[in-house]
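To start, the structure under review is shown below, and the notes come after it.
The values are calculated or read from the model by the stated rules, or taken from the named source; none is laboratory data. All values derive from a computational prediction rather than experimental measurement. Note: ideal-geometry Cβ built from the backbone for every residue, glycine included; neighbour counts use all protein chains shown. Heavy atoms of the whole protein, side chains included, go into the accessibility calculation; ligands, DNA and RNA do not. Shrake-Rupley method; radii C 1.70, N 1.55, O 1.52, S 1.80 Å.
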Amino acid sequence: LAEENVENSPFSSAISVIHCGLQNFSPQQKFDYIICNPPYFEISEQLHLKHPVARHQVKLDYSDLLEKSSELLSVEGVSGYIFPFDREDFLISRAEDLNLFPKRIIRIYGIKDGKVKRTFLELSRIKCKVQKEDFYIEQSPRVWSEEYKNLTREFYL
């Protein structure tokens, strides 16, 4: 599916699809930016039936992901991840053990005045002042926020 999507992309000449587990990925070059939507959930008895490996940390956990990211990043590289909010402190602490430091933190709310659902975290090897933002998907029930509409505008007809 990834190969088909890349072939149909206007960026096909600039994208390579490599089918292997991240743990076995050993490219010659380092990367300036790594973006990842990792498996969200720790392994539990109630694995998601349709996509257990994609949604649960069956083959890749956060520590392994951060270690490999640290290995693959260039000196000035940045890595970005989205994950459940309740794992934010753990990820920041684990990243700092690997000399990766928060550059940007976006807390994502399902609805304004609700609870934080997800965190988008950008990490860098360079310590800097952390840029913090809040992002709301809905302004009120079933009313998309302007931020969300602007972000997703190109995906809708």
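When nucleic acids and ligands are ignored and a 1.4 Å probe is applied, I82 ends up with an accessible area of around 40 Å². Per atom type, the chain shows carbon and sulfur on 52% of its accessible surface, probed at 1.4 Å. Figure legend: label point modelled 7 angstrom from the Cα of K112 along Cα→Cβ; residues of region 129-157 with amide N under 15 Å from it are 134-150.
Using the rule -39500 (n - 2.57) for each DSSP H run of four or more residues, divided by the residues of the chain, the 222 nm mean residue ellipticity is -6500 deg cm²/dmol. Would you mind classifying region 74-127 by shape? Square roots of the alpha carbon gyration tensor eigenvalues, ordered a ≥ b ≥ c; an a/c under 1.5 is rounded, otherwise it is prolate if a/b is larger than b/c and oblate if not. It comes out prolate by the Cα gyration axes. Past the 21 Å Cα-Cα mark, which pairs from K68/K103; K68/K129; K68/K115? The pairs that break the limit, which is 21 Å between Cα atoms, are K68/K129; K68/K115.
Measuring only protein heavy atoms, the 1.4 Å probe finds F101 accessible over about 30 Å². If you count the DSSP beta bridges with both ends in the chain, what percent of them are antiparallel, to the nearest 5? Roughly 55 percent of the DSSP beta bridges within the chain come out antiparallel.
What is the ratio of the Cα radius of gyration of region 64-157 to 2.2 N^0.38 Å, where N is its residue count, to two decimals? Numbers along the way, then the final one.
Numbers: Rg = 15.1 Å, N = 94, 2.2 N^0.38 = 12.4 Å.
Taking N as the residue count of region 64-157, the ratio is 1.22.
When we measure straight from the Cα of K149, which aspartates and glutamates land under 20 angstrom away, once same-chain ones fewer than 8 places off are left out? By straight Cα distance, K149 reaches D113, E133, D134, E138. The stretch between V143 and V6, if pulled fully straight at 0.36 nm per residue, gains 46.0 nm over its current Cα-Cα span. For P(r) over Cα pairs in 10 Å bins from 0, in percent, the candidate list reads [x] 9, 33, 34, 18, 6, 0; [y] 11, 37, 28, 12, 7, 4, 2, 0, 0; [z] 10, 30, 36, 22, 1; the entry that matches the value derived from this model is [z].
Probing with 1.4 Å while keeping every protein chain in the model, the per residue accessible area of the chain equals 71 Å².
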